[in-house]
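First the structure, in the form of structure tokens, and then the observations on it.
The values are calculated or read from the model by the stated rules, or taken from the named source; none is laboratory data. Source: prediction; values computed, not measured. All Cβ positions, glycine included, derive from the backbone under ideal geometry; neighbour counts span all protein chains shown.
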Amino acid sequence: MLNITDVRIAKIDGDDKLRAFASIVIEDGFLVGDLRVLEGEEGYFVTMPSKRKRDGSYKDIAFPLNNEVREHIERKVLLAYETATGHRALSRMESEDSPTVRPDLLSVEEFGFTPKANP
């Protein structure tokens, strides 16, 4: 599993849905910033770093390639958000009977990687 060694939270006040920006440090050597902690109708969730395209839509620029890693990142970030702010954020994840499958996730091939064949 992905070894997230640090999570940094920058709380945001005065926005309708955005509650914080987050950065994660992987293996004490790689930082991914600009994750967002948002509060929606079903609770808190984390979005990946993205950039605005010319047509006004957004495209993730860094993201996990499977739901297991996405859920691991989200759990770590929301736990850090709870610790930093005192707001309960993990209830949506704990109440789900089955993990949410994100249709917007790209497979390894769609992302442009070719999986290594096992010898």
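Some notes on this structure:
- In the range 47-60, the residue that is surrounded by the most Cβ atoms within 10 Å (Cβ to Cβ) out of those that are in a loop (DSSP other than H, G, I, E, B) and small (G, A, S) is S57.
- Listing of helices (runs of 4 or more DSSP H) fully contained in the range 61-119 that carry 1 or more residues being more than 23 Å from L31 (Cα to Cα), among the hydroxyl-bearing types (S, T, Y) and at pLDDT below 60: 91-95
- Residue match in the range 36-55 (condition: modelled with pLDDT of 95 or more and touching a Pro at 6+ places or on another chain (Cβ under 7 Å)): no
- Of all residues in the range 13-32, none are without any contact (Cβ under 8 Å) to a residue 40 or more places away in the chain, aliphatic (A, V, I, L, M) and in contact with a helix residue (DSSP H, G or I) (Cβ under 8 Å, 6 or more places away or on another chain).
- In the range 1-29, the residues that are at positive phi and basic (K, R): none
- Of all residues in the range 49-70, those that are under 19 Å from F21 (Cα atoms) and of a type in the set (D, E, K, R) total 5.
- Pairs are defined by a Cβ separation below 7 Å, a sequence spacing of at least 6 or placement on different chains, a first member in the range 35-48 that is farther than 13 Å from D16 by Cβ and touching a residue at least 12 places away in the same chain (Cβ under 8 Å), and a second member that is small (G, A, S) and in a loop (DSSP other than H, G, I, E, B); the pairs so defined are Y44/A89; M48/A62.
- Going through (1) of a type outside the set (G, A, S); (2) closer than 18 Å to M1 by Cα; (3) at pLDDT 95 or above; (4) surrounded by fewer than 17 Cβ atoms within 10 Å (Cβ to Cβ) one by one, I24 falls short only on (4).
- For G33, the criteria (1) of a type in the set (G, A, S); (2) surrounded by fewer than 12 Cβ atoms within 10 Å (Cβ to Cβ); (3) part of a strand (DSSP E or B) hold in every case but one, which is (2).
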